[in-house]
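Scroll down for the structure; my scribbles are underneath it.
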Amino acid sequence: MDIAHSVAEILTEHVTLEVESIDRMYLNLYVPRLQYEGGVVGFFRHHRGHQFASSALMAPMSTAFVGAIENFADLHGVPLIRFEKGQRKDDIAKQHFARFEGEEGVVFIGKAQEKTPVLRTTKRRNAATGQSYAWLTRSTGMVNHYYFYIWDRDFGPLFIKFGSYFPYTGKVCLNGHEYAKQQLRKRGIAYQALDNGIRSCADPKRLQAICDGLGAEQIEALTRKWLGRLPQPFRRADRDAGYGYALSILQAEFSLTQVLDQPVTGRLFFEQVIRENLDLGRPDQVQLIFERRVGKRTPGRFRTRVLTTGVVPTLHVSYKHSDIKQYHKEGRGLRTETTINNPRDFGIGKRLTNLAVLRQVGFQANRRLLDVERISHDCHIGEAVWRQVTAPVQVDGQRAAALHFDDPRVHALLGVLVVFALLPQGFANKDLRQRWAHLLGVDPSTITPGSMSYHLRRLRLHGIIVRIPKTHRYRVTDLGMRIAVFFTRALNRLLRPTLAGIMPEAPPGTDRLRRDFDRLQAAIDNRIREVKLAA
């Protein structure tokens, strides 16, 4: 069996199906005008005409709503199940969905007690008159929630959850891959399922078009359709007065699935990628993948985690409340998945109308991660490129000094370029100066802009960077990225470990230095032979 040895080869020659799709979406279902105390007061006093707003007025609404849910279950013959503590709701749902034979409908209703924000009434006293009055305050309480597990003809399995206490907030949970499967069935397009995904499809282009077509409009229509069929706590008059439900994004997963023709190749490839990219969680790498600046005040822990479930490893890269996960799915597909838990981490609003912008962030993060891995794993350069870098060059009458491998300033420069390589807007003189000074361990103020311009010119004439037209910014070329990764890895993973193993800490004499360098050359030759044998 021919096993591929590079990321580039895997991703270009051994992928049989590539699908980019929204995966799971978890949406808030809420009434905008009832999310603050003043809005609740307005609902009871101005809309419903009560003298005061208090929790005593909420109790009858809750009783009526719960009664309507129980009547709905009896009328339609829908099982009403209480979830016990420790039960996995997904496991119970799978069992019921497997037995469902209709085209669409409510499969069962689950009931669970969960902590949720609520409004309570407290008594306050007017300091001037001494009279007491009711006052609404925010609190939390254990409230019964009702899960409507639904099979929809367009979306497949999903659920809509309601809290049974005012203001009756809820959740909608759906899956983009299940939507795609339903659409393929309706169109008569043959496919083979992958757990929470698709393994093969008779018409891959049509499949991708279906996934691209899932957006805010379709999700909004789905929600309105089922809100019109399920019991609601608000009357028609309430909804007509502007007290209707709206949707916001609580959590969204954006996935890229690449199905491989050789499962063993994919597993070997993935494990190599994990070993090569354990530093992806560093802030300088995270800001490249998510295209967001990471500063001292950026919340969250920045880390790379490698978790193992059984024998299947997963790679996690975190940014604020978001996470990129990569794993080998069912031994057949490479799944790269960005989960965004707070759209505001990227300067995007939470309303469902922002889904198109948010999906662009998620899908781009997936692609950038693969770009980093592709170049990182396959960064070798040839003899001609080595000479191009380590010898002086002359381009259009302009001469640039060599970038010597043994020059620490060169390694610091190239190390910074690895950080900036995937920034689409490029970098400026000031950006490079700040990070270069940090790697050299000097104060940035000691490096003049003119000195930095000299080094930018060297990098440009050697083909490592190019200037973005009509700007004072630069971007790293593909060749430049390969050179930068090769130089930094050759130093950090070959030369430094070998020197540490054979060179003593004390300064050697002349004869001893010659012997040590002979040992160094032999060690390097041995390491190169080991690498070739491993490949």
Per the filter on the stretch 194-240, residues outside any loop (DSSP other than H, G, I, E, B), surrounded by 14 or more Cβ atoms within 10 Å (Cβ to Cβ) and small (Gly, Ala, Ser) are Gly197, Ser200, Ala216
Residues of the stretch 296-337 being within 19 Å of Glu253 (Cβ to Cβ), outside any strand (DSSP E or B) and modelled with pLDDT under 50, in sequence order, are Gly300
Condition check: assigned to a strand (DSSP E or B), out of contact with any Asp or Glu (no Cβ under 7 Å at 6 or more places or on another chain) and among the aromatic types (Phe, Trp, Tyr). Does Phe148 satisfy that? yes
Taking the stretch 26-79 and keeping residues open to solvent by less than 40 Å² (accessible area, probe 1.4 Å), closer than 13 Å to Leu136 by Cα and free of Cβ contacts under 8 Å to residues at least 60 places away in the same chain leaves Gly39, Gly42, Phe44
Here the residues within the stretch 218-244 that are modelled with pLDDT of 95 or more and either polar (S, T, N, Q) or within 26 Å of His321 (Cα to Cα) (or both) are Gln218, Ile219, Glu220, Thr223
Scanning the stretch 46-77 residue by residue, those in a loop (DSSP other than H, G, I, E, B) and either within 41 Å of the chain's Cα centre (by Cα) or within 14 Å of Asn144 (Cβ to Cβ) (or both) turn out to be Gly77
Flagged in the stretch 151-204 as out of contact with any Asp or Glu (no Cβ under 8 Å at 6 or more places or on another chain) and of a type in the set (Asp, Glu), in numbering order, are Asp154, Glu178, Asp203
Checked the stretch 99-145 for anything charged (D, E, K, R), outside any strand (DSSP E or B) and open to solvent by 100 Å² or more (accessible area, probe 1.4 Å); matches are Arg99, Glu101, Glu103
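The values are calculated or read from the model by the stated rules, or taken from the named source; none is laboratory data. Everything numeric in this text was worked out from a predicted model, so none of it was measured. As a convention, Cβ positions derive from the backbone with ideal geometry for all residues, glycine included, and neighbour counts pool all protein chains shown. We work out accessible area using only protein heavy atoms, side chains counted, and drop any ligands, DNA or RNA first. Shrake-Rupley method; radii C 1.70, N 1.55, O 1.52, S 1.80 Å.
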